[in-house]
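Chemist: Structure below; questions to follow.
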Amino acid sequence: MNLQTIKTEDKIDFKNKNEPYLVKNYAKNWKAYKDWSFEYLKNLNSDLSVNTILGNYSEKMEIVPLKFKDYIEKVISQETKSYLAVFHLFKAFPQLKEHINYENVKKNSVHCNILSWIGPKGAITGFHADWSENINISIKGKKNFYLVSPKYNEFMYPSKKFERATILSNVNLKDVDENKFPLFKKAKITKVILEEGDALYIPRGWWHYAESLTPTINVSFHYWNLFNFFRDMVIEISKMLLHNIGLYKKYNCTCHSYNEKGERFVRSKFMPQNILKIKRD
């Protein structure tokens, strides 16, 4: 495994779309950086219910439904290993948008999704490549990121599993099966530690794997320029529509699960509290 050195920039350079880089202290003037903590999130006075993930959503996982504030309490008390990934925090709590600054992203894109990633030490997001450009910002905590250029696509063993605007890899970085994935060792890997207040720019199509070194709160901006948006979204929306009605990879995705009655539901939506664990491959 070859680890490359990542470069550091002073700010996000929207003309540089070819390689990842780190921006130190990117968010240190944000209200989110100054005010947010796990206690802060717990005290948002909400009965919001969320589906957390136990395991790696690109491989096997269990969905564990919890009240948002109960989940945050479990992270604080170190009583959970589940992960609140790909979470629309700013749709759940619109007032929090005032705590971040993404004006520069909006000015340089035609579409931007804002997501959050909240979890305990050890939470993992497996190797995947997004169709969008991506800026990942650490609000609280520290993460390892492992990055692989798309020029090594043939060594990354893409999964056939469906995920919106994303390609997943079958390779588990922490337990590589060299018999199944013999070419993976040829991929050159860039490792970076993302610390509080820092931002990591990940270009479109770059594979990345994230591992929480501490309990973490991260925000990510996923954005498209005009050309990529229309090219990607025409294809993606068609796949999504077919998938949602069960005509495309109905049983092979990360976005849906099935309860004990065999009923299909969207991972991001809340399931009744009496269904504690829903398993899927």
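A short reminder: the numbers here are calculations on the coordinates, not readings from a lab. Since the model is a prediction, treat every value here as computed from it, not as a measurement. Neighbour counts are summed over all protein chains in view; Cβ atoms, including those assigned to glycine, are modelled from backbone coordinates with ideal geometry.
Chemist: Where both residues lie in the range 1-131, what percent of DSSP beta bridges are antiparallel, nearest 5?
Modeler: 75 percent
Chemist: Please give, to one decimal in nm, the separation of the simple spin-label points placed at LYS151 and ASP47, each 7 Å out from Cα toward the Cβ.
Modeler: 5.6 nm
Chemist: On a straight-distance basis, which aspartates and glutamates could pair with LYS188 in a cross-link, Cα separation under 14 angstrom, same-chain partners fewer than 8 positions away excluded?
Modeler: Cα-Cα hits under 14 Å: GLU19, GLU154.
Chemist: Measure up LYS11/LYS174; LYS15/LYS160; LYS11/LYS151; LYS81/LYS180; LYS15/LYS106; LYS28/LYS174 against 24 Å on the Cα-Cα distance and list the ones that go over.
Modeler: LYS11/LYS174; LYS15/LYS160; LYS11/LYS151; LYS81/LYS180; LYS28/LYS174
Chemist: Does the range 196-242 come out rounded, prolate or oblate, given a ≥ b ≥ c as the square roots of the eigenvalues of its C-alpha gyration tensor, rounded meaning a/c under 1.5 and, failing that, prolate meaning a/b above b/c?
Modeler: Prolate is the answer for the range 196-242, as a/c is 1.5 or above and a/b outweighs b/c.
Chemist: Right, something else. For the range 148-197 and the range 91-140, what is the centre-to-centre distance using only Cα atoms, to the nearest Å?
Modeler: Taking the Cα centre of each part, the range 148-197 and the range 91-140 sit 21 Å apart.
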